[in-house]
Amino acid sequence: AGIGSQKDRVVTEEEWLRKWEMGNTGFHKEQGHPLLQKYLDVLLNGRSGLRIFFPLCGKAVEMKWLADMGHSVVGVEVSEQALKEFFAEHSLPYCEEPVPEISGAKKLQSTSGNISLYCCSIYDLSSSIVGKFDGVWDRGALVAVNPCDRQRYVSLMITLMEKNSSYLLVTVSYDPNKHKGPPFYVPESEIKSLFG
Ligand code: SAH
């Protein structure tokens, strides 16, 4: 056990899909995350009409919050079930279309146009497909990425950020000897070296 063995742990896409099928989604917060409310001003920094990215979005209700505030929300999630549940649970009509640049991927977009959710792996995205973002809400994303993919994930995220963007990151602090993850334990020192 321990941080040493978490380093080699891999959760496959199929395992994530199965968690959604089984309803094994304890990470989902029906009420949304209090830390987004607390640090909303840091994310927005006085700006309006932002493009906000939700990596590994699940059916995070914070996407609805930010869209309701007039921002434009883009998410990415491998589970189509999660995305459909998101739209259904908020009674939001949406349309589906293929993403020409990514084979097998779909984009689910609210009819109002301000929420676009990509059903594919985050590693399939690039700024030429989704553009760049003014803000990122990373909760259950960096900590859900397989430890061996962390550098790749962070490097990609950096390419998706505009110059003056804000990045809110939520991590979990616990003894990695007692839990195999996810969520994985990502020490502060590693966050500093990953993001530079
Ligand atoms: N951020 C969400 C969900 C956290 S759980 C929240 O706060 O509730 C992590 C999510 O990432 C799961 O829904 C899982 O299906 C998805 N996921 C895992 N690997 C992924 C990948 N490579 N690309 C996109 N989504 C992924």
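Looking across the range 107-132, just one residue is open to solvent by 40 Å² or more (accessible area, probe 1.4 Å), in contact (Cβ under 8 Å) with a residue 40 or more places away in the chain and in contact with a Leu (Cβ under 7 Å, 6 or more places away or on another chain), and that is LYS132. Listed by position, the strands (runs of 3 or more DSSP E) inside the range 28-106 whose residues that are touching a residue at least 60 places away in the same chain (Cβ under 8 Å) and of a type in the set (D, E, K, R) number at least 1 are 51-54. Just one of the listed residues (GLU96, GLU85) is modelled with pLDDT of 95 or more and over 18 Å from the mean Cα position of the chain (by Cα), and it is GLU96.
Residues of the range 6-59 that are closer than 20 Å to LEU156 by Cβ and either within 11 Å of the ligand (Cβ to nearest atom) or exposed (fewer than 11 other Cβ atoms within 10 Å of the Cβ) (or both): VAL10, VAL11, THR12, GLU13, TRP16, PHE54, PRO55, LEU56, CYS57, GLY58.
Checking the structure you have, find out if any residue of the range 148-155 is open to solvent by 60 Å² or more (accessible area, probe 1.4 Å) and modelled with pLDDT under 95. Scanning the range 148-155 turns up no residue that is open to solvent by 60 Å² or more (accessible area, probe 1.4 Å) and modelled with pLDDT under 95. Would you check if LEU160 is within 12 Å of the ligand (Cβ to nearest atom) and of a type in the set (A, V, I, L, M)? Here the answer is no, as LEU160 does not meet what is asked. Among the residues examined, SER173 does not qualify as small (Gly, Ala, Ser) and in contact with a Gly (Cβ under 8 Å, 6 or more places away or on another chain).
Of all residues in the range 60-87, those satisfying the criterion of being surrounded by fewer than 19 Cβ atoms within 10 Å (Cβ to Cβ) and more than 12 Å from the ligand (Cβ to nearest atom) are TRP65, ASP68, MET69, GLY70, SER72, LYS84. Restricting attention to the range 19-37, the residues that are charged (D, E, K, R) and over 17 Å from GLY140 (Cα atoms) add up to 1. For the range 142-163, which positions are under 19 Å from ARG51 (Cα atoms) and touching a strand residue (DSSP E or B) at 6+ places or on another chain (Cβ under 7 Å)? Hits for the range 142-163 are MET157, LEU160, MET161, GLU162.
For the range 1-50, how many residues meet the condition of being among the charged types (D, E, K, R) and in contact with a helix residue (DSSP H, G or I) (Cβ under 6 Å, 6 or more places away or on another chain)? The qualifying residues number 1.
Restricted to the range 164-196, and to residues there that are of a type in the set (Phe, Trp, Tyr) and not in a loop (DSSP other than H, G, I, E, B), the residue that is surrounded by the most Cβ atoms within 10 Å (Cβ to Cβ) is TYR167. Here ILE158 meets the list (1) more than 15 Å from the chain's Cα centre (by Cα); (2) open to solvent by 40 Å² or more (accessible area, probe 1.4 Å) almost entirely, failing just condition (1).
The values are calculated or read from the model by the stated rules, or taken from the named source; none is laboratory data. All values derive from a computational prediction rather than experimental measurement. In this analysis, Cβ positions are derived from the backbone assuming ideal geometry, glycine residues included, and neighbour counts consider all displayed protein chains. Just the protein is used for accessible areas: all its heavy atoms, side chains included, with ligands, DNA and RNA removed. Shrake-Rupley method; radii C 1.70, N 1.55, O 1.52, S 1.80 Å.
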